[in-house]
Every structure is written in C-alpha cells, then in structure tokens.
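The values are calculated or read from the model by the stated rules, or taken from the named source; none is laboratory data. All values derive from a computational prediction rather than experimental measurement. Don't worry about glycine lacking a Cβ; one is built from the backbone with ideal geometry, like all the others, and counts go over all protein chains shown. For the accessible areas, the whole protein counts, side chains as well, though only heavy atoms, and no ligand, DNA or RNA atoms are used. Shrake-Rupley method; radii C 1.70, N 1.55, O 1.52, S 1.80 Å.
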Amino acid sequence: MRVDVRALGACNRLAEQGAKQAAGALSDLTGTDLAVEVTGASVASGEDLAEAFAGRESIGVRVGLRGGLDGEAVLAFDAVNADALLSLLPGGASMERSAVTEVGNIALGGFLDGWANYLGKAIDMTPPRYFEADGAAVLPDGALAGDGVFLFESRLDATTTDLDFSIYMLPDSGPFRDLIVGKTAPAATAGGAANGGTESTAVPYESLSTFSSLAKKGSANAADNIAMMTGLETSVDVSRLRFVPLADVPAEVGTESHAGTVFKLQGQPSGYLAILFEESSAAAVADAMLPMDPDDPLGDMAQNALCELGNVMTSGFIDGWANVLGTSITHSPPEFVHDIGASTISPLVAKLSERQDYGFVIDTAIETEGIQARCDVYALPDERELARALDRLSEP
C-alpha cells in the first residue's frame, strides 16, 4: 500500500475538527472550558506505543467503529484526576462508571461526527465499554501487534481545573485506506500545490515504518552523545514520527522559555532540526559540561557548550538516516537560540510552509538523570525530498 503523506496530514485536520467538537460537547456537560491542546497522526510500532504509555494509569471508555470508518476509538484520562472529573459530572462519585461512560459516549460521538460528515457515511459506534488500564492496555487489543499502526491522538485540556482528556483513534484498513492513498483525501491547500508543485508525496507504508524506526535510532544516538559529553546517564523518553499541520507545531512547543540550537539540514532530505531545552535544563546541562561554574548560567561559555553538544547530537541523529536511506545529509553550524519555544520554531515552519502545509515531525524527549534536564528534538524534513528517499528505500 502506498500512503500519500499529504492526504494523511489532511486527515489529521479531520481529527482536529472532531476534537474541537468533542471539547464543545464536554464543555456543555461539565460546565468547564476545554481546549484542544495537541492533535497528531503518527505511525507507531507496538514497541513505541508500549514505551510511550509506560507508567500511565488511565480510566475511560472505548468503542468499536463500523460503517463509514472501521476500527476503534478510546477516550482516556489519568486515573489521578478521577475525583476532579467526577466532581464536574451529574451524580459525581456515586455514579463513577456510568458517569464516565456517558462522558465517553458524548465525547467520542462528537469526535467522529466530522469524519462522518466528510465521508458522507454514518459511523456506527458500539456501546461504550468502561475500563481501568495500566500503560498501553488503554489502547485496543491488537494495537501493540505488528510493525506499526496509524494512531490519531488528540489531547483536551481543561482551562480551570487539573483535568486532561486524550482521544485515540486506531482505524483499520478499508475505508481509511481510500483516504490515505489520496483518492478521496480531504481537500487541502497544500503549500506545494499553491506554489505549482505537482510532485508525488506517496510512499510505501513499509518505508514509513522503517523511517519511524530510524527516528527512534537517531534519538538513541543523540542521547548517547549527551551521556558521552556530560557523563550523565541519559535516556530517550518518547520518539515518534507524526504527521501534523505545520502551522500547529509552534503551539505544541509552547510559550515557555527555551534555549538550545537550530540547524539547517542539507541533502536528502533537507529541512530543519531544533534541539530545545527548557531554560533551567539548558543551564544545568551547560554547567555539567563546563569545568567551572559560569558567571552567567546562559552566557557565552554556556552557549558555546550547548552549541558543541548540539553539533554532536545532530550528527548522531542524522547519520543513521543517511546510512539507511543511502543519501548524504549535512547540517549547518549551530545557531544558538534563547526565546519562547513557539518563537524559536515559527521561522522554521514559515520557511517550510512556502512549499507544504503538512509535514513530518519527529519529536523526541531526552531526559538526563541527576540534574532533571529534559531536551525536545524537533526534526522537520522537506516532505517531497523525504518521500523520494523513502520511495528509493522500497526499491529492490
């Protein structure tokens, strides 16, 4: 099966619209404002999902989907927030299972309405089933099997209370196949089309799974390089290949102050890579690398240390891509950045948006133990060049 990555990105818009409808329905039910915080489509292996959900305790509901779209959908929230949720619902704690089930029924119904409207076909839901689950058991049976599944994930955040919901949809092949091969893809004003581009962005599904594995390997290499340079034990927390509207990426990075390095990638594929630490983490990592305490936690000495670290991390990140894809990828000298996260990412997104509206995002969280440092890596490759490289990868 060949997947049109632009069509898959456009499908993500449907998920975003559905999440907004779910937020509205839940706001009416609970009397509290809910905002859609993140929506993304990803290709994830069973191993990726197991790691991403490790340590979570969730309660919620799941439903089966039939008709216009086959598969399963799940609404889940952290078990530690159960009391906060129940306090907002009619019946409260005395109606825990039935109240949560009703929430799931309303939210998932709203989420799926946008998909049904686009398809022009009803999507039937099975009766909602309440669950309490640890880790990836929150996902439907079979999600952890095989080399990879498509996962649509939306996170809703309550603005006035400590309450987060997540909606997961794992579509089966069938009607969904027609969407992602581009034959009936949701209309998109892709930057490439707007600029006269006609180059195909369809790639074999197997290549996407391979590249998802490459993203994970590159993240592990980058973590090893941090450990080598700082002497601190470092681990990759999350690494996933996602398809998102580029315009949404800055909001995902957020408004907190970050420091780190930005690189321009040249070769096949070209694009951008940003290595961003939360401000306190950047200062802590730089301090661990320097022989003496700097006068300014993020002054010239610290900036030089972070640039050196960024150079080594970026090389570790992209070398594996080039080896497997059979291409050459180089990167520019590091550009030190210290600003609000969204302000750091926005210029990169703006440059890519001249050619495309949707893109691959490889987001990785790297955690350094001992100093509680966290680093997020955002890789933004050119979708056409990546599609060509992935297409060659599938050739015998």
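See the values below:
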quantity	calculated
Some residue of segment 299-315 being out of contact with any His (no Cβ under 8 Å at 6 or more places or on another chain), free of Cβ contacts under 8 Å to residues at least 60 places away in the same chain and outside any helix (DSSP H, G or I)	yes
Entirely in segment 27-134, the helices (runs of 4 or more DSSP H) that have 2 or more residues that are within 30 Å of S235 (Cβ to Cβ) and open to solvent by less than 20 Å² (accessible area, probe 1.4 Å)	46-52
Some residue of segment 248-261 being open to solvent by 10 Å² or more (accessible area, probe 1.4 Å), touching a residue at least 24 places away in the same chain (Cβ under 8 Å), hydroxyl-bearing (S, T, Y) and more than 23 Å from D296 (Cβ to Cβ)	yes
All positions within segment 262-286 that are of a type in the set (G, A, S), closer than 17 Å to I366 by Cα and open to solvent by 10 Å² or more (accessible area, probe 1.4 Å)	S280, A283, A284
Unmet requirement for I226, which otherwise passes all of (1) modelled with pLDDT of 75 or more; (2) crowded, with 18+ Cβ neighbours inside 10 Å; (3) part of a strand (DSSP E or B)	(3)
Of all residues in segment 261-298 being of a type in the set (D, E, K, R) and part of a loop (DSSP other than H, G, I, E, B), the one that is nearest to R388 (Cα to Cα)	D296
Members of segment 180-211 that are modelled with pLDDT under 75 and open to solvent by less than 10 Å² (accessible area, probe 1.4 Å)	A190, G191, G192, T201, V203, S207, L208, F211
Residue within segment 30-37 that is in contact with a Phe, Trp or Tyr (Cβ under 7 Å, 6 or more places away or on another chain) and among the small types (G, A, S) present	no
Single unsatisfied condition, V349 versus (1) farther than 17 Å from E252 by Cα; (2) buried (at least 19 other Cβ atoms within 10 Å of the Cβ)	(1)
